[in-house]
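Worksheet: the structure to be examined is printed underneath.
Rule-based calculations on the coordinates, nothing more; no lab input. The model shown is predicted, which means the values in this text are computed figures rather than measured ones.
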Amino acid sequence: MQKKATALEGLYVIEDFITETEEQELIRAIDSRSWCGNGIAPNPEMKRRTQHYGYEFSYRYRKIMQNLGPLPTFTDFIVKRFKQQKIIDFEDEPNMCIINEYEAGQGIMPHTDAATIFGPIILSLSLLSSCLMKFTHSNNSETQFLTVLPPRSLLIMTKSSRYDYKHSISKDITEWFDGGENGEKQEIIRSRRVSLTFRTVRSSGMDNVVGFCFSISFPNDDLSLFKMIIL
Ligand SMILES: O=C(O)CCC(=O)C(=O)O
């Protein structure tokens, strides 16, 4: 299991962080739980489906709503592996996991996870489909960086990649990236992707219930909150 540094400070991808069998077991466990979003409370306005563990996050109010208790046992081996691989220190142990489901044609808007609410390390485990994640510098939208997230890979976002950039996933069903052996473009055909994003909610994040959890950039400022959560 190799932690691959990227060109972006603090951004790493570990391929094959879990096995195919573990991936299938996770999908089975996740699909046996209730999803919210797509008309289902909480967060019925979401266009993609999510599951919230540890803490419930409201996309409408952009704050932590309630403590939901410990993370589900099906994530235990993942958190244990974070520690074994020294990806996290004890004090950074995640207390929140949001599971996102992206059907082909769904993505997520550019955003930075709020530094006042979430800790310094954001970890995202990808299941089923590959996709590209785009990082756009918050102060210079021309500074962009793309990374491939293969199924079963773990994305580690820290330092500049976590604080200075907004990350996003497009709705494109076909994506292209430079990655071929002879410099040719490689293609990703997107299908259902499920991701587990682990964060540490700071104690200040729990107090600051009116704080913004995400800062999101829009091409124009008059977009409604609903557009924000849809992609
Ligand atoms: O799907 C992912 O890998 C990232 C999810 C994400 O950025 C989020 O939930 O805020």
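Assorted remarks:
- Computed log10 I(q)/I(0) for region 10-62 at 0.13 Å⁻¹: -0.48, from the Debye equation with unit scatterers placed on every C-alpha and solvent omitted.
- Computing Rg and the Kirkwood Rh from the Cα coordinates of region 57-161 gives a ratio, Rg/Rh, of 0.94.
- Scattering profile of region 100-180 at q = 0.14 Å⁻¹ [log10 I(q)/I(0), Debye over alpha-carbon scatterers]: -0.48
- Most mobile of K80, K47, K185 in a GNM of the chain (Cα contacts under 10 Å): K185
- Building the convex hull from the alpha-carbon atoms of the chain and averaging its projection over directions returns 12.5 nm².
- Pairs of lysine residues in region 1-96 - Cα separation under 22 Å, sequence separation of 8 or more or cross-chain: 7
- Taking the C-alpha atoms of region 1-119, convex hull volume expressed per residue in Å³: 149 Å³
- Sequence-distant lysines (8 or more away, or on other chains) whose Cα lies within less than 17 Å of K185: K134
- Only helices enter this figure: runs of n ≥ 4 DSSP H residues, each worth -39500 (n - 2.57), summed and divided by the residues of the chain, yield -4000 deg cm²/dmol at 222 nm to the nearest 500.
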